[in-house]
Amino acid sequence: MKRTAITLTAAIATLLISGCTRIETGEVGLRINFDKTTDPTERLPGSFNQTLVGDILTFKVQDVAVAVDNMTPLASDNSTIKDFDMTVVYNVNPAAVSELWTTKNKTFHGVSDKGGDILLMQNYVALSARNAAYKVAREYESLKMADNRQTIEQKIRDSIIKTLTEEKLAEKITVSQVQVRAITPADVIVASANELVRAQNELKTKEVEVQTAKKEAERIAALNANAGAIGYMNAMANLKIAEGVANGKVQTIVVPYDFKGIVNAK
């Protein structure tokens, strides 16, 4: 009899444990009653909640990441960005979980790939982020977006917050970060930019060649303008040679093939 009681107690304990859900850190739970109604009281992290009668839905509220990929916004130069990818990270106020779940359209929410947690307002935030990205991208030329990445991220975040404020959601949803992961201009824009750089380099090369030619022309003009000085310098050089020969200091003289003078050799 005693053994039966112990076995029964263990079975009841096992049933109770298996019929409970523990709310993890970063989550909030809501009870769905047996009649499909939602209990408005949020279940906080660390609490155990029985699921023998009814069910417990879990919602991730901390650092929910939304990937918004494969966008093709229009730049200020009217070119279409080939690929624009970003990630938005937001948090949900735990006290607003029940209200958001029961009053907002279910299409606004997403579901986590791991654990099956409901991601409150994920799709709504993604749509707001997409609209903000298209608006902000229009302010920049396609080839200058990458250099202004941080500014673009801040402007997109500000635009999302403005949308949340207008919809009276700013106290319920906090956007903590916007990260632009990829900005790829259209192929034709990249090709045009490379061609422009090549042409500019060729122009600089030609400008250097022109400047070199000018300097050479100036040098020749200066020599021609000072022909008398050159003759004088040649005469002085010949005089020095003659003096060296007379003094016995020069034994060998290299004579040009067209020399027409007279050399007195002893």
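The values are calculated or read from the model by the stated rules, or taken from the named source; none is laboratory data. Small disclaimer: the values here were computed from a predicted structure and weren't measured. Heads up, the Cβs are rebuilt from the backbone with ideal geometry, glycines too, and the neighbour counts pull from every protein chain shown. For the accessible areas, the whole protein counts, side chains as well, though only heavy atoms, and no ligand, DNA or RNA atoms are used. Shrake-Rupley method; radii C 1.70, N 1.55, O 1.52, S 1.80 Å.
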Completion exercise
If we ask which residues in the stretch 147-160 are surrounded by fewer than 16 Cβ atoms within 10 Å (Cβ to Cβ) and either modelled with pLDDT of 95 or more or touching a strand residue (DSSP E or B) at 6+ places or on another chain (Cβ under 9 Å) (or both), their number turns out to be 5
Exercise for the section: Evaluate the stretch 252-265: report whether one residue or more is at pLDDT below 65, surrounded by 10 or more Cβ atoms within 10 Å (Cβ to Cβ) and among the β-branched types (Val, Ile, Thr). Expected result: yes
Exercise for the section: Filter the stretch 77-92 down to residues that are over 16 Å from Leu169 (Cα atoms) and touching a Ser or Thr at 6+ places or on another chain (Cβ under 8 Å) and give me whichever is most open to solvent (accessible area, probe 1.4 Å). Expected result: Lys82
Practice task
May I ask you to verify whether Val88 is within 26 Å of Ser159 (Cβ to Cβ), outside any helix (DSSP H, G or I) and in contact with a helix residue (DSSP H, G or I) (Cβ under 9 Å, 6 or more places away or on another chain)?
Solution key: yes
Practice task
Scan (1) open to solvent by 30 Å² or more (accessible area, probe 1.4 Å); (2) more than 30 Å from Val97 (Cα to Cα); (3) more than 14 Å from the chain's Cα centre (by Cα) for the single condition Ala186 breaks and write down its number.
Solution key: (1)
Exercise for the section: Please indicate, with yes or no, whether at least one residue in the stretch 93-107 is free of Cβ contacts under 8 Å to residues at least 24 places away in the same chain and either open to solvent by less than 20 Å² (accessible area, probe 1.4 Å) or at positive phi (or both). Expected result: no
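In this structure, does Tyr140 turn out to be open to solvent by 80 Å² or more (accessible area, probe 1.4 Å) and of a type in the set (Phe, Trp, Tyr)?
Working: open to solvent by 80 Å² or more (accessible area, probe 1.4 Å): no; of a type in the set (Phe, Trp, Tyr): yes.
In short, no.
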Practice task
Answer with yes or no whether Thr41 is over 37 Å from the mean Cα position of the chain (by Cα) and not in a strand (DSSP E or B).
Solution key: yes
Completion exercise
Scanning the stretch 161-183 for residues that are part of a loop (DSSP other than H, G, I, E, B) and either under 18 Å from Thr72 (Cα atoms) or free of Cβ contacts under 8 Å to residues at least 60 places away in the same chain (or both), the one least open to solvent (accessible area, probe 1.4 Å) turns out to be Leu169
Fill in the blank from the handout: Checked against (1) touching a residue at least 60 places away in the same chain (Cβ under 8 Å); (2) open to solvent by 50 Å² or more (accessible area, probe 1.4 Å); (3) assigned to a helix (DSSP H, G or I), Leu127 satisfies every condition except (1)
Practice task
Filter the stretch 60-75 for residues that are open to solvent by 60 Å² or more (accessible area, probe 1.4 Å) and in contact with an Asp or Glu (Cβ under 6 Å, 6 or more places away or on another chain) and give the result.
Solution key: Lys60
